[in-house]
C-alpha cells in the first residue's frame, strides 16, 4: 500500500515538472520578445540593454528556466508588469475568488446530481428521471458562455432579481451580497458538472444494482434501504473520482464564465494578463492552476485507496 | 404430520420479452422431505437456477410465476414482499456458484454475516451477533475465524470464501438450503471438502438441501433424489440409485453416456446438437430435436411425468407407449 502511494506521489511530481517546462516554453512561444512588454518602444538602447541584463534575458534558456523555477518554488513570481503589484498577491486573491465560485458550483451540482441520479437509477420511468436526462444532455451540450448569457438575459435584464457582474455590490461586502452575485455564475459554471455527474451517478448506481451480490443481499432477507446502502457504498469510489475531477476543472477557473460575469477569479486573470502581455502573471496563474489540478488528482487517488478495500495491497 | 419441507405443483416461470411471455420453467412438480437432499441436474439454460430463484421469489420483476409452491405448509406465492423478506436468509437460505461476486466487495466478510443475523434477529446485539458469526465460522471449518472475519472477500481463497458464504447461509439455522452450483467454481479437492461439509451439517441440523448442478458426479455424492431438468421441464425424477443406474429417459441415458470413464481414450461421446434456448423451444418434447428415438408425437406434444416405480418417474412419450 505504501508503495502504491509513493508511486502516485512520484508520478504527480513528474507531471508537475513537465508542467513547469511547458509553462516556461509558452512564454517563449508568445509573439514578440518578452522584453518588449517591459521596455517602452522608444527607450534608449543602453536602457534596453540594462534591463535585458537585469532580467537575465541574455542568459541561455535553460539557465533562465532554472532561475525562474527556483524563484517559483520559493513563491517568488516577481511583480506584475502592468500594475507592479506582487504576482503572488494577485494570483492568490484570484484563486480565493475562484475557490468561492467553484465551491458554489460544485456543492449545488454534486447534491442535485446525487439526488436525481440515485432516484432515476431506482425509478428509470419517473418524471425526475426525465428531468435528469434533460439536465444531463443540456448541461453537457450548452456551452457555458451561452448559458451565462441566457441566465443574465432572464434574471438580470428581464426580471432584475440578480446582479450580472462582480462579486459584491459597491460598498456592501456582506455574505448575502456575495451570495446574490454568486448564484448566476455558479449555475453557469456548474451546469456541465451537473450534467456529467447526473449521468455518472445514474449509470453507476444502475450498474451496481445489477451486480450479483445485490441478489445475495435480497436472498438473505435485507430490507430495500439496507440494500441501497450497499449499492451506494459500492458506487462511491467511482463517484468520488468523477466529482474530484470536476472540482479540479472548476478550480481551473472557467475563463468564459468569469469574464462574462466579471468575476475576479483565476480565469479572468489569465485572460487579462495575456491581453496586457503581463507574462509573469500568466505564467504564475497557469502554473498554480496546474499544481492545483495535479494535487486534486493525487488526493482523489489516495482517497480511492482508502475508499476501496480492493486497492489496498 | 408429513415432513415435507418444500413442494411445488406445476410451477412455471415465464419472462416477458418485449410483449411475449417466454417460458423458462414449465410445470415443475417436485417435493423435498425434511433432512433430505434433492439435486436438480441439468445443462446450463435448462431453467434449474430460475426454478430455485422462483422459490425464493428473487427473480427480476419481469418474471411471471404460475402454479403452486408450498414451504412447510405455507403458500410461498401468496406471501407479500415483507413476509418473503422475513423468510429469506432465515428459514430458507441460498448459496451461489461464484462466492466472489456473491459477496459485497466493500464489506468485511464478518460484517456481512453479522448483518444477516441482525436483519432477522432484531433483539441480538452487535456483540452477540459477532460471537455467533465466529461460532458459525468455526462450524464451517474456517481456521482462525476471528482474523478471517476481519478480511475482505477478495483476500480469501475460493474455498474459504465459499465456507464464509455457507456460514452466512446457516446463520439463522434454515430448514431449507438452496444451493446454486455451490462447488462449480472450486478445485476438485476443495469441492469434495465443501460437499462433505454439506452432508455433515445436514446430519447435525437435519436441514433439507436443494442443490442445482450440471455435474453428475456431485449429484451422485450428495443426492437422495435426483430430478433431471431439460428445456424447463423435469425429464426424470426419482431416487439417486434409480435415476443413475436404471435411467428410463433417453436424455438421462445420453447424459450418463457422455460421462468420461477411466480408461476411456479418444473422443468423448457427446450429445449431438445444442440444448434449446428459451426462445427457440420446440413445441413438443424439448429433447426431441436431439433424441435418436424421437417420433412424430415427440415433436408435437410435451410428455408428462409417468411413474416407473413408486419412487421413480419419467417424462417420455416412448415410455408411455411402452406401458400401453
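None of the figures in this text is laboratory data; all of them are computed from the coordinates on show. All values reported here derive from a predicted model rather than from experimental measurement. Every residue, glycine as well, gets a Cβ built from its backbone with ideal geometry; the counts of neighbours run over all protein chains shown.
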- Task: Ignore the peptide's own chain and count Cβ atoms of other chains within 10 Å of each Cβ in B:104-110; give me the average, rounded.
- Result: 5
- Message: Using square roots of five times the C-alpha gyration tensor eigenvalues, list the equivalent-ellipsoid semi-axes of the stretch B:198-270 in whole Å, biggest first.
- Response: 25, 16, 10
- Query: For B:181, B:200, B:225, what's the fewest-to-most ordering of other Cβ within 10 Å of each Cβ?
  - Reply: B:200, B:181, B:225
- Determine, from the Cβ-Cβ distance of residue B:144 and residue A:115 and an R0 of 51 Å, the FRET efficiency 1/(1 + (r/R0)^6), rounded to the nearest 0.05. 0.70
- Note on the structure: Placing each pseudo-label 7 Å from Cα in the direction of the beta carbon, residue B:253 and residue A:299 end up separated by a distance in nanometres of 7.4
- Query: Expressed as an acute angle from 0 to 90° and rounded to the nearest 10, what is the orientation of the C-alpha long axis of helix B:158-169 relative to the principal long axis of chain B?
  - Reply: 80
- The distance between the Cα centres of the stretch B:225-300 and the stretch A:251-301, in whole Å, is 71
- Query: What's the Cα-based Rg to Rh of the protein assembly as shown, Rh via Kirkwood?
  - Reply: 1.16
- Pairwise centroid distance, computed over Cα atoms, of the stretch A:163-213 with the stretch B:52-105, Å: 43
- Grab the Cα-Cα distance for residue B:300 and residue B:245, subtract it from 0.36 nm times how many residues apart they are, and report the gain in nm with one decimal. 16.9 nm
- Item | residue A:22 paired with residue B:80, simple spin-label distance in nm, labels 7 Å along Cα-to-beta-carbon | 6.0
- Message: Rounding to the nearest 10 and keeping the result within 0 to 90°, find how far the Cα-based axis of helix B:188-205 lies from the longest principal axis of chain B.
- Response: 80
- When chain B is modelled as a GNM with alpha-carbon springs shorter than 10 Å, which of B:41, B:30, B:78 fluctuates the most? B:78
- Grab the Cα-Cα distance for residue B:199 and residue B:187, subtract it from 0.36 nm times how many residues apart they are, and report the gain in nm with one decimal. 2.5 nm
- Query: Distances over 18 Å make up what percent of all Cα-Cα pairs in the stretch A:16-73?
  - Reply: 39
- Label point distance in nm, residue B:173-residue A:50, each placed 7 Å from Cα along Cα→Cβ: 10.0
- Note on the structure: FRET efficiency (residue B:277, residue A:74; Cβ distance; R0 45 Å; to 0.05) is 0.05
- Cα convex hull of the stretch B:1-79 - mean projected area over all directions, nm²: 5.6
- Cα convex hull of the stretch A:224-294: mean projected area in nm², to one decimal? 6.3
- Project the alpha carbons of the stretch B:16-123 onto their principal axes and report the range along each, largest first, in whole Å. 42, 32, 30
- Query: So what's the stretch A:95-311 giving for Rg/Rh, alpha carbon basis, Kirkwood Rh from the mean inverse pair distance?
  - Reply: 1.05
- Calculate, for residue B:269 and residue A:224, the FRET efficiency according to 1/(1 + (r/R0)^6) with r their C-beta to C-beta distance and R0 35 Å; round to the nearest 0.05. 0.10
- Message: From the convex hull of the Cα coordinates of chain B, what is the mean projected area in square nanometres?
- Response: 18.9
- Between residue A:233 and residue A:63, what length in nm is gained on full extension when 0.36 nm per residue of separation is reduced by their alpha carbon distance? 56.1 nm
- By how many degrees, between 0 and 90 and to the nearest 10, does the Cα long axis of helix A:61-73 differ from the longest principal axis of chain A? 60
